[in-house]
Every structure is written in structure tokens, then in C-alpha cells.
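Below is one structure; the comments refer to it alone.
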Amino acid sequence: MEAAMGLMRRIHPKHTDTALSALLSLIPQHSADLLSQVDQPLQVLSDEESGKEFILCEYNRDADSYRSPWTNKYQPPLEDGLYPSSELRNLEIEANDVFSVYCDQYYEGGISSVYMWEDDSEGFVACFLIKKDGSRTGHGRRGYLHEGLWDAIHVIEVGPEDEGFARYCLTSTVMLSLTTNNDSCGTFSLSGSIRRQMSMQLSVAEGHLCNMGRMIEEMEGKLRNSLDQVYFGKTREMVCTLRPPADLATMRLPDS
């Protein structure tokens, strides 16, 4: 299992589904652990009733159907599907509206979905998802990338309220994949994923949604900085070391 998880952490996001299917065939006794621990690229489905797209994941799945956050209905229809309570559903509706605005402002487009459900500790769990296709043919407004994909998964466990406070445990995962193919920079591919966690004890005076929103905003800032330093920073360092710019290669130090 440890070797399998190590392999999945190093696999290209494009090949996650293929690699996961192969591992499930090789070690079927660990199927439950693999499906729960491996983050797969997010898929999208269109809600036939509302006309809006929503994101598919394990958190809105029941059997082979997926619950839409816009209509609270399963596609394909499911008679005995799991649904959040009416109070939690109202919070879910509000979260989807707010997170849609957040997605447009921070990502210049994309698709977002929020799902909530009760847990066994008298609290609840919320999953915030963002899928951004940054390619020229997708949601990319600047047209720089031949292919570009950003999948963000934020899962927050909210504990029961105690004297006006609640415990929030956030686990965030970002999967990034991009490819350029043009005359100015040629063909270049970069991909990877990163996961971080944080926990906070916060007052619920302003509501759970405000607290969760601030935590996600802070976490996404940290994740973007980490990706910039680890992936882009190291890549620039290696490229400039192996192939220094022409002006630096021809530069001569003056005589002392």
C-alpha cells in the first residue's frame, strides 16, 4: 500500500485514472483505501434541469448516480439516495452561490461545486471543489496555454459548537497540469499535485460559511505560493542553469 501511494503521488495527473485502475486490479484487497486516499482529476456533468454544470466526486456520489448541488437531485435518478438535512441544504445552497462568485473572481472563470453532509460527531463535513480548464479552448481567457488544468479539492470537517466556538479541520489538495505549444516557447509540460492541512478553533458568531471561506482563501494562497516556489521556481532554476540566457552566456567580466 505504501508503494502504491508513492507511485500515485508521482504519476502524471493525466494518467491517474489509468494507474488507479491498474492498482485496483493488482491489489484488490486495498481497494477501499486506494479509492479514499487517491485524489482523482475532477469530472464534470451538466444538470439537465438547471442547465448548469457541476463537479463529480466521491462526496456527491451514491451508487452510480451523482447529486447536483443546484437541484439536489441525482443523475441518473436515484430513489433512495442520501441527502443533507434541510438546514444543511440551505447552507449548501448559500455556499454554492458564494463560491461561484469566488471562483470567477480568483480564477477568471471555471466550475465550482459545494457539497455538505452530516457526520457521526454531531457536526458536518463540507467539500468545496473548483475545476479550471485554462486551455485556449476551455475557460482560459488569455490564451497562453495549449492545455491547462487546475483541480482544487477542499474538505472541511466542522465539529459541534461548544460555547460559541467550533473546530474546523481543512484538508486541501491541488492538482496542476499545463502544456504550452507555440513558436515563442515551444512545447513544455509541467504537472504535479500538493496537499496541505490546517486546523482552527473559531467563533461561530459570523457563521460557518464565513469561517470556512477565510480558511480556504488563506490555504489557496499558501498552495499557490508553494506551487510557484516548488514547481515553477525549481524549473526556472534548472532551465537557466542548463541553458543560460544568451546575454548572460556572452557576458564578460571587466578587467580588474
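The values are calculated or read from the model by the stated rules, or taken from the named source; none is laboratory data. Only a predicted model underlies this, so the values are computations on that prediction, with no experimental measurement involved. Virtual Cβ from ideal backbone geometry, glycine too; neighbours counted across all protein chains shown. The accessibility values were calculated without ligands, DNA or RNA, using every heavy atom of the protein model including side chains. Shrake-Rupley method; radii C 1.70, N 1.55, O 1.52, S 1.80 Å.
What the table shows:
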| item | result |
| --- | --- |
| List Asp64, Asp17, ordered by accessible area with a 1.4 Å probe, largest first | Asp64, Asp17 |
| Heavy-atom SASA rank of Asp80, Asp47 (probe 1.4 Å, accessible area, largest first) | Asp80, Asp47 |
| Å² per residue, accessible surface of the chain at 1.4 Å | 59 |
| Cα long-axis angle, helix 16-26 against the chain (0 to 90 degrees, to the nearest 10) | 70 |
| Helix 86-107 axis, angle to the chain major axis (alpha carbon atoms, nearest 10°) | 20 |
| Lysine pairs within the chain, Cα separation less than 26 Å, 8 or more sequence positions apart or different chains | 15 |
| Cα-projected label distance for Glu108 with Ser21, points at 7 Å along beta-carbon direction, nm | 3.5 |
| Rounded percent of accessible protein surface that carbon and sulfur make up, the chain, 1.4 Å probe | 52 |
| Surface/4 of the Cα convex hull for the chain, nm² | 19.8 |
| Probe 1.4 Å, all protein chains present, accessible-area order of Leu26, Leu78, largest first | Leu26, Leu78 |
